[in-house]
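Presented below is the structure to which this report refers.
None of the figures in this text is laboratory data; all of them are computed from the coordinates on show. Note that the coordinates shown come from a computational prediction; the quantities given were computed from them, not determined experimentally. Note: ideal-geometry Cβ built from the backbone for every residue, glycine included; neighbour counts use all protein chains shown.
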Amino acid sequence: MIKTQSALQLARKAYQPKLPKTLRGAVEVLETGNTEPVANKEELKSLFPNTYGLPILRFVESHEQKTYPAINVGILLSGGPAPGGHNVISGLFDGLKRCNANSRLYGFILGPGGLVNHEYKELTAELIDEYRNTGGFDIIGTGRTKLERTEQFEKGLEIMKKLDIKALVIVGGDDSNTNAAILAEYYMAKGAGIQVIGCPKTIDGDLKNEVIETSFGFDTACKIYSEIIGNIQRDCSSACKYWHFIKLMGRSASHIALECALQTHPNVCIISEEVAAKNLTLDNIVTHIAQVVADRAERGLDFGTVLVPEGLIEFIPAMKNLIAELNDILADNNSEELVPGESDQRDWVISRLSPENASLFASLPENVAEQLTLDRDPHGNVCVSRIETEVLLSSMVGMKLIQWKMEGKYKGNFATQHHFLGYEGRCGFPSNYDADYCYSLGCAAAQLIMAGKSGYMASVRNTVAPADEWIAGGAPLSMMLNVERRRGKNHPVIKKALVDLEGKPFKQFAALRESWERNTAFVYPGPIQYFGPSELCDRPTMTLQLEKAE
Ligand code: FBP
């Protein structure tokens, strides 16, 4: 018999996510001192007079039986999908219904655009039950519309008034939560009666700080990629004939590459933040990889793996300058005039660049040069997922090895395979960690709403401990902001958390990488486990374990 749902999908429906003890019943809200952003305090205080300096909130169990009014709430998902989004929705739904069975939840369709264009659907128990513990964002879809203009805020207000919505939950990364902070301030200043709560999402893992331990989706995505890398490594050491260049998602930060390296022990893993800190050139990186290939070839090991973070290009100082100048040129000219692949378009770009950037641009392989001129996303980001950095590196390593062969410095065979691990991890079945974490975040958002809070991000901490002991509450969005210059103007934005070169995860990697380069020390993590002992099924990422280690 053909079933429309897989066996795992059916089995996971029955999974009851683990909740911190404090979120299982009525809660008391403790305030733990007022907060400040780390920088630009005066500027941010004047931009966010109503939401600046709010205290961090912590939920504790309450022994009082509380009654709550019914409330209508809206939710939207923003940016790239991340495993666990459906559990944020089910946690929010269950949390609201536990407080008052007459509360209702509405989902805005395809992200912030749904709020502005008044496209929504009511999220009923029946609908939500279909999506519990599943990957993807398809229950309502997601989008990258940037919420930044007053007209958009007013259009949102219009539909929320119509639906009698009193609180909006925005699930997104740093850019979307920046928008949540601005929207919360706008509605509060206006006395609009709409609370805004953020929720930390992104597989990239770069939305974290002292109160937000990790963004959801990072755990599952890294486990999926690590399984695939492990499988490739087993093939690699079985056939002994290929170097595999594997690009990993992570638009800016290299957290995914670092976590996957810690899980799988590849021969080489590039960390973009280190490249920037050491001011490395593309040639430095290529020479290093070629040296590892040549050293292994000396010992008869003509195979290996190289992990490349997606955002690398933008961290190589010279490339960064080139991209900045390209951004200006593209912003000043109608980018539709750039017909990818036509050589006169390449000349057109070169003729407008400064001499230094023009010669770098001219030296790039045609496809990479073309990819750098493609349209930016609505937040102004280069679409790094479309740049074939893994191919660029392997072809440059190949050229260097040909040269070394001619000089008698290299005697091996260099055959390559390329992989890009990105979209295959963003909608996977959430690991137990993400299923539990997301459900808890949704419940925490419900409690923040019931406590009348706005301008907060739902927060669940201490997640390396058993779920019983997780600490839930809220962190003011304003404390995460700083002022950055973007497209020629100062903007308040949530600071991206890049890989900390002084942090334990990087130090652990740096201490081990030389032996991974020389030896074949591959680790094969295998698929995510959902049923079995807790140490197998509930294990958090190595990044989190190392960061939280005493
Ligand atoms: P978010 O930060 O929005 O969660 O997106 C992360 C990401 O998966 C990046 O790793 C990647 O560069 C980008 O989205 C790809 O975006 P798109 O889905 O628009 O191709």
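Miscellaneous remarks
- A Förster radius of 56 Å combined with the Cβ-Cβ distance from Asn413 to Glu210 puts the calculated FRET efficiency at roughly 0.65.
- For Ala362, neighbours were defined as the other residues whose beta-carbon sits under 15 Å from its Cβ, and their charges (Lys and Arg +1, Asp and Glu -1) total -4.
- In region 434-550, taking the dipole from charged Cβ atoms about the Cα centre, the farthest positive-side position among Cys443, Ala511, Val499 is held by Val499.
- Extension gain (nm, one decimal) between Ala189 and Ser238, 0.36 nm per residue minus Cα-Cα: 11.3 nm
- Listed residues Ser459, Ser226, Ala358: farthest to the positive end of the dipole of the chain (Cβ charges): Ser459
- A cut-off under 9 angstrom between Cβ atoms defines the neighbours of Ala435, and their net charge, with Lys, Arg +1 and Asp, Glu -1, is +1.
- Shape of region 448-550, Cα gyration tensor, a/c cut at 1.5: oblate
- Three-way shape call for region 51-207 based on the alpha-carbon gyration tensor, with the a/c threshold at 1.5: rounded
- With R₀ set to 51 Å, the beta-carbon distance separating Lys45 from Ser6 gives a calculated FRET efficiency near 0.45.
- Helical mean residue ellipticity (222 nm; -39500 (n - 2.57) per DSSP H run of 4+; nearest 500) of the chain: -13000 deg cm²/dmol
- Share antiparallel - DSSP beta bridges, the chain, percent rounded to 5: 40
- Checked against a 32 Å cut-off, the cross-linked pairs Lys155/Lys453; Lys41/Lys190; Lys247/Lys495; Lys13/Lys190 give Cα-Cα distances beyond that limit for Lys13/Lys190.
- More than 38 angstrom apart: percent of Cα pairs within the chain: 32
- Computed over region 475-526, the P(r) tail beyond 18 angstrom holds 61 percent of alpha carbon pairs.
- Taking a sphere under 12 Å around the Cβ of Glu469 and counting the other residues whose Cβ falls inside, with K and R at +1 and D and E at -1, yields a net charge of +2.
- Dipole in debye (nearest 20) - region 128-281, about Cα centre, beta carbon charges: Lys, Arg +1; Asp, Glu -1: 260
- Point-to-point label distance, Leu536-Leu501, nm (Cα→Cβ direction, 7 Å offset): 4.1
- Value of Rg to Rh for region 39-83, rounded to two decimals, is 1.12; Kirkwood radius and Rg both from alpha-carbon coordinates.
- For region 3-49, the square roots a ≥ b ≥ c of the C-alpha gyration tensor eigenvalues yield an a/c of 1.5 or more together with a/b not exceeding b/c, which makes the shape oblate.
- Two numbers describe the Cα atoms of region 385-426: Rg and Dmax, which are 13.9, 45 Å.
- Computed about the Cα centre, the dipole magnitude for the chain is approximately 920 debye when only Lys and Arg (+1) and Asp and Glu (-1) carry charge, each at its Cβ.
- Antiparallel bridges, percent of DSSP beta bridges restricted to region 1-113 (to nearest 5): 60
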